[in-house]
1. In Å, what is the Rg of the alpha-carbon atoms in region 18-89, and how long is Dmax?
2. Given labels modelled 7 Å from the Cα in the Cβ direction, how far is it in nm from residue 81 to residue 34?
Amino acid sequence: MPERKKPILTNVPLKPIGSGEYIVGTEKEFTIEEWKQILQGFGNYQLELQIKVNPAYRITFTEDPGLEKLKMELKQNPQIRYVEENARLEKKTKN
């Protein structure tokens, strides 16, 4: 049986799920205390581990700090791999 190829989604735009929701990839799993220090000054947030291997966390802020500010602050920590807005793919519908 031939190997099945994954579809390439070239025209599927990303749509932000909600303002204030981000995905942060880290080199290791952080404790709650480590996150408190990292996110100090960003106000109230909800934190959820999404992926254990190559950890990725979903962080939802009560007041959206903005992607650029969050990236600038978090990327100072060498254990942070990436910071991006949480988004989902949406299929375009033809009119």
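1. Looking at region 18-89, its Cα Rg and Dmax stand at 11.1, 33 Å.
2. 1.3 nm
Throughout, read-outs are computed from the coordinates displayed, never taken from laboratory work. Here the structure is a predicted model, which is why all the values come from computation and not from measurement. Positions of Cβ are generated from backbone atoms using ideal geometry, with glycine treated the same way; all protein chains shown enter the neighbour counts.
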